[in-house]
Amino acid sequence: AIYARDALAKAIYDRLFTWLVLRLNTSLKSQDSRKNNVMGILDIYGFEVFGKNTFEQLCINFCNEKLQQLFIELTLKSEQEEYFKEGIEWQHIEYFDNKVICDLIEERHKGIIALMDEECLRPGDPNDTTLLAKMNRNLSNHKHYLSHPKADIQTQKIMGRNEFRLLHYAGPVTYNINTFIEKNNDLLFRDLREAMSESKNPIVQELFPVQEQESKRRPDTAITQFKNSLNNLMSILMNKHPSYVRCIKPNDTKSPG
């Protein structure tokens, strides 16, 4: 009952947020069909590294890896190719191509997302411990993935057995595996969706359309939805001409001096 209540509360919140974004986008859209110039602002704060990092930080840091990859593609790589093509004298800049980390997270059948979804959807009793064991088995040879068994003695002293570490381009981040399965596999029971679609509240009705109940397809997991949304954003950004506004990140203690 508690699981069902929480899943329903999260679903209503999530769908209401999406509904609100769509409403805003519709109201801001130009009514003149001849005009299709668009300017967008993408705010990138940067990596999240807390004392305890979990599912949400993995999503945020994955997003930053993808944006960094895009930044490399659109600026350093294309600029250097342009200079090379035109024979301009120029000192080559070494840069870290973080495609290797993006692949570690999202590669089909092999990456962390694929392993997580596989574990969430398998029969039996999948849990965070079995997920971490699967990741350790499959990713132990990857140079950007570190688990407790693979770590040296010094690292093992500060790294828990329920943690794994990714060596991101911005630095290493240690993630705690607890709640990964629950947060990723937050499936809403069909009867709850049906009840919501029959709500007297018109907005709730709109959030849970009847057509959705007719689909027999299993809903995507949370991280797959996130990945699809992120890849959609990437394809939009690839077709734009970027300009950059550099901001100064405050210090971790957020104090002067």
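Values for this structure:
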read-out	value
Matching residues, segment 190-203, being over 17 Å from ALA4 (Cβ atoms) and either surrounded by 13 or more Cβ atoms within 10 Å (Cβ to Cβ) or aliphatic (A, V, I, L, M) (or both)	ILE203
Flag if GLN68 is touching a residue at least 40 places away in the same chain (Cβ under 8 Å) and on the phi < 0 side of the Ramachandran plot	yes
Unmet criterion (only one of (1) closer than 16 Å to ASN184 by Cα; (2) touching a residue at least 24 places away in the same chain (Cβ under 8 Å); (3) assigned to a loop (DSSP other than H, G, I, E, B)) for LYS110	(1)
Filtered residues of segment 238-255 (kept if farther than 21 Å from VAL49 by Cβ and either assigned to a loop (DSSP other than H, G, I, E, B) or without any contact (Cβ under 8 Å) to a residue 12 or more places away in the chain (or both))	ASN239, LYS240, HIS241, PRO242, SER243, TYR244, VAL245
Yes/no for LYS157 being out of contact with any His (no Cβ under 7 Å at 6 or more places or on another chain) and loosely packed, with under 13 Cβ neighbours inside 10 Å	yes
Among the residues listed as ARG161, ARG193, the single one being in contact (Cβ under 8 Å) with a residue 12 or more places away in the chain and in a helix (DSSP H, G or I)	ARG193
Segment 173-189, subset part of a helix (DSSP H, G or I) and under 15 Å from LYS10 (Cα atoms), residue least open to solvent (accessible area, probe 1.4 Å)	ASN184
Test: residue in segment 42-64 that is touching a Phe, Trp or Tyr at 6+ places or on another chain (Cβ under 7 Å), farther than 26 Å from THR129 by Cα, open to solvent by 90 Å² or more (accessible area, probe 1.4 Å) and part of a loop (DSSP other than H, G, I, E, B)	no
Verdict on LYS143 being within 30 Å of ASN37 (Cβ to Cβ), in contact (Cβ under 8 Å) with a residue 24 or more places away in the chain, open to solvent by 60 Å² or more (accessible area, probe 1.4 Å) and in a loop (DSSP other than H, G, I, E, B)	no
Residue among GLU163, GLU119, GLU107 that alone is under 26 Å from VAL49 (Cβ atoms), modelled with pLDDT of 90 or more and in contact with a Leu (Cβ under 6 Å, 6 or more places away or on another chain)	GLU119
Selection within segment 21-38 - open to solvent by less than 100 Å² (accessible area, probe 1.4 Å) and in a loop (DSSP other than H, G, I, E, B)	SER30, ASP32
Test: PHE208 is of a type outside the set (S, T, N, Q), touching a Ser or Thr at 6+ places or on another chain (Cβ under 6 Å) and either at pLDDT 85 or above or surrounded by 13 or more Cβ atoms within 10 Å (Cβ to Cβ) (or both)	yes
Near pairs, Cβ below 7 angstrom, 6+ apart or cross-chain, from segment 37-51 (on the phi > 0 side of the Ramachandran plot) to any residue that is open to solvent by 100 Å² or more (accessible area, probe 1.4 Å)	GLY46/LYS249
Matching residues in segment 211-228 - criterion: being in a helix (DSSP H, G or I), surrounded by 12 or more Cβ atoms within 10 Å (Cβ to Cβ) and without any contact (Cβ under 8 Å) to a residue 12 or more places away in the chain	GLN225
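For (1) among the acidic types (Asp, Glu); (2) touching a strand residue (DSSP E or B) at 6+ places or on another chain (Cβ under 9 Å); (3) farther than 23 Å from ILE101 by Cα, each residue gets a yes or a no:
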residue	(1), (2), (3)
ILE177	no, yes, no
LYS183	no, no, no
ASP191	yes, no, yes
PRO209	no, no, yes
ASN228	no, no, no
LYS254	no, no, yes
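The values are calculated or read from the model by the stated rules, or taken from the named source; none is laboratory data. The structure presented is a predicted model; accordingly, all values stated were derived computationally and were not measured. Positions of Cβ are backbone-derived with ideal geometry, glycine not excepted, and every protein chain shown enters the neighbour counts. Accessible surface is based on the protein model in full, side chains and every heavy atom, while ligands, DNA and RNA are left aside. Shrake-Rupley method; radii C 1.70, N 1.55, O 1.52, S 1.80 Å.
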